[in-house]
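Encoded as structure tokens, the structure appears first; notes follow it.
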């Protein structure tokens, strides 16, 4: 039995092949999911709520896409409008998001990550940020550029698979 700090053993016959990537990516994804589940539980939220928060946070950072809306969130999360409304109600009640009507069209609602929610997440995920920084420190800038390129390409490929 391996500890949480020990990386999984890679198959000796496939040290950098597809199976090795699959093992490591699954392990990393599982750890991220456990951390997100623990955050959800600590905040009295559902895991889906945390996934919605991530989508809102990413939308706030992507100036080209514009602010997140309930419709875009429904599409992104593959939720019904009713499930999206329930999710947003929970997030708003917990202080993680705020809904703001668009100035140019009051029918349009923009969803933003609330400052109190940002602070709660920042505090909770500080150890993850430190761990990420410690892992990054093990690599040269050139290696980090390659890793970033790989992760970007993986995200592009995964979005194609999902469609």
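The residue that is surrounded by the fewest Cβ atoms within 10 Å (Cβ to Cβ), counting only those in the range 106-123 that are in contact (Cβ under 8 Å) with a residue 12 or more places away in the chain and over 14 Å from residue 53 (Cα atoms), is 108. Each residue in the range 41-50 was checked for being crowded, with 17+ Cβ neighbours inside 10 Å and part of a helix (DSSP H, G or I), and 3 of them qualify. Mind checking whether some residue in the range 91-105 is surrounded by fewer than 13 Cβ atoms within 10 Å (Cβ to Cβ) and touching a strand residue (DSSP E or B) at 6+ places or on another chain (Cβ under 8 Å)? Yes.
Within the range 61-72, track down each residue that is assigned to a helix (DSSP H, G or I) and either at pLDDT 95 or above or farther than 20 Å from residue 132 by Cβ (or both).
Passing the criteria: 70, 71, 72.
Checked against the criterion of being under 16 Å from the mean Cα position of the chain (by Cα) and in contact (Cβ under 8 Å) with a residue 12 or more places away in the chain, the candidates 128, 158, 151 yield just one match: 128.
The values are calculated or read from the model by the stated rules, or taken from the named source; none is laboratory data. Keep in mind that what you see is a predicted model, and the values were worked out from it rather than measured. In this analysis, Cβ positions are derived from the backbone assuming ideal geometry, glycine residues included, and neighbour counts consider all displayed protein chains.
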